[in-house]
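One structure below.
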Amino acid sequence: MTRAAQQTSRWLPLHAFPDLGGLPLFCLPHAGGGASAYRAWLGRLPGVDVLPVQPPGREARLRDAPYEQMAPLAADLAGVITEAAAGRPFAVYGHSLGALVAFETLREIRRRGGEQPVQLFVSGCVAPHCPIEDGPPVTGMTQPQLVQMLRQLGGTPDWLLADPEVLQMILPAVRADFSVKETYSYQPEPPLDVPVTVLSSTADPRAPHEWQQRWHEQTSAGFALHTLPGGHFAVFERSEVALGHVAGALRGWL
């Protein structure tokens, strides 16, 4: 295995399942999340290879230092996606912080003259040019405050949040990811020439529906918005509905 292939396999630990014969769909997780967030999506999109992205600092990459700034994260991920796509049509899905990282990664690929995806899917994230006050800075929170915020947001099992040893393992990545978000500064560039599909939930405290609608301003191609009932993690709690919208948007490429 080449060094580039080894690097790619660290970022895409579940790439061997299913067979890589379909359209690659790179899936970027939420803050503190890892590749396992998308494990339940594997094998459920005929003709699509779901490729969950594993950022450093969590799960199988627990010993790797997590990123704290957007620019180096987007730069490295741009190389990983370009290498893994290998000239094939591909799509990208990002949830919450993952949506923002996906957006900046595609802009970095464009700067390098690389191929753009056939579709960008985003959920749980306001349009990047629409800063919104969604609570006090997470990077300055005490551990009890951070645990309480995660409990209110959902998506993290209570047994994890109640285990001090587990918290020592997972909270550094959570803080680092929120540092990526809280230090991010949007810089105007031309809209992406990539169709964007937004999956917006009805009761997301961190991503109001009206601010998710403004993703249409970041694309010069097609735009679609679908609404799911639920909170910040509705796309995982109602995965059949979410995957139905993904499959519909990709139908012409399968």
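The values are calculated or read from the model by the stated rules, or taken from the named source; none is laboratory data. Since we're looking at a predicted model, the values are computed, not measured. As a convention, Cβ positions derive from the backbone with ideal geometry for all residues, glycine included, and neighbour counts pool all protein chains shown. Remember, those area values only see protein heavy atoms, side chains included, never the ligands or the DNA or RNA. Shrake-Rupley method; radii C 1.70, N 1.55, O 1.52, S 1.80 Å.
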- In sequence order, what are the phi-derived ³J(HN,Hα) couplings for the range 44-61 according to the Karplus relation 6.51 cos²θ - 1.76 cosθ + 1.60 with θ = phi - 60°, rounded to whole Hz, with x for glycine and proline? 10, 10, x, x, 10, 9, 6, 10, x, 8, 10, x, x, x, 7, 6, 5, 10
- Message: Not counting ligands, DNA or RNA, and with a 1.4 Å probe, what is Asp193's accessible surface area in Å² rounded to the nearest 10?
- Response: 110 Å²
- Task: Name the long-range amide H neighbours of Gly22: under 5 Å, sequence gap of 5 or more, or other chain; modelled H, no Pro or chain starts.
- Result: Asp49
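Starting from the Cα gyration tensor of the range 123-162, take the square roots of the eigenvalues, sort them a ≥ b ≥ c, and report rounded, prolate or oblate (rounded when a/c is under 1.5, otherwise prolate if a/b is larger than b/c, else oblate).
On the way: a/c = 3.73, a/b = 1.62, b/c = 2.30.
Judged from the Cα gyration tensor, the range 123-162 comes out oblate (a/c at least 1.5, b/c at or above a/b).
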- Averaged over every viewing direction, what's the projected area of the C-alpha convex hull for the range 16-168? Give it in nm², one decimal, please. 9.9 nm²
- Task: Would you mind classifying the range 202-246 by shape? Square roots of the alpha carbon gyration tensor eigenvalues, ordered a ≥ b ≥ c; an a/c under 1.5 is rounded, otherwise it is prolate if a/b is larger than b/c and oblate if not.
- Result: oblate
- How big is the gap, in Å, between the Cα center of the range 145-159 and the Cα center of the range 104-124? 31 Å
- Message: Using protein chains only and a probe of 1.4 angstrom, how many square angstrom of Tyr67 are accessible, to the nearest 10?
- Response: 50 Å²
- Message: Compute a Gaussian network model of the chain, connecting alpha carbons closer than 10 Å, and tell me which residue from Ala31, Ala60, Ala207 fluctuates the most.
- Response: Ala60
- Message: Among the complete DSSP H segments of the chain, which ones combine at least 20 Å of alpha-carbon extent along their axis with a mean Kyte-Doolittle hydropathy of 0.5 or more?
- Response: 70-85
- Pick from Thr197, Thr227, Thr183: which is most flexible by mean-square fluctuation in a GNM of the chain where alpha carbon atoms under 10 Å apart are linked? Thr183
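Divide by every residue of the chain the summed helix terms, -39500 (n - 2.57) for each DSSP H run of at least 4, and state the resulting mean residue ellipticity at 222 nm, rounded to the nearest 500 deg cm²/dmol. Present the calculation step by step, with values, prior to reporting the outcome.
Working: 9 runs with 94 residues, N = 254.
Taken over the chain, the calculation gives -11000 deg cm²/dmol.
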- For the chain, with +1 on Lys and Arg beta carbons and -1 on Asp and Glu, the positive-most of His209, Leu199, Gly244 along the dipole: Gly244
- Message: Give the separation of the Cα centroids, the range 25-61 to the range 207-254, in Å.
- Response: 17 Å
- Got a sec to turn the phi values of the range 231-237 into Karplus ³J(HN,Hα) couplings, 6.51 cos²θ - 1.76 cosθ + 1.60 with θ = phi - 60°, whole Hz, x for Gly and Pro? x, 4, 10, 4, 5, 8, 6
- For the range 176-254, rounded, prolate or oblate, judged on the Cα gyration tensor with a ≥ b ≥ c (square roots of eigenvalues), a/c < 1.5 rounded, else prolate if a/b > b/c? oblate
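How long is the gain from Arg112 to Asp134 if the chain were fully straight, where each residue apart is worth 0.36 nm and the alpha carbon distance is subtracted?
Numbers: separation 22, 0.36 × 22 = 7.92 nm, distance 3.30 nm.
Stretched out fully, the Arg112 to Asp134 stretch lengthens by 4.6 nm.
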- Task: Among Leu45, Leu28, Leu77, determine the one that fluctuates most according to a GNM of the chain built with springs between C-alpha atoms less than 10 Å apart.
- Result: Leu45
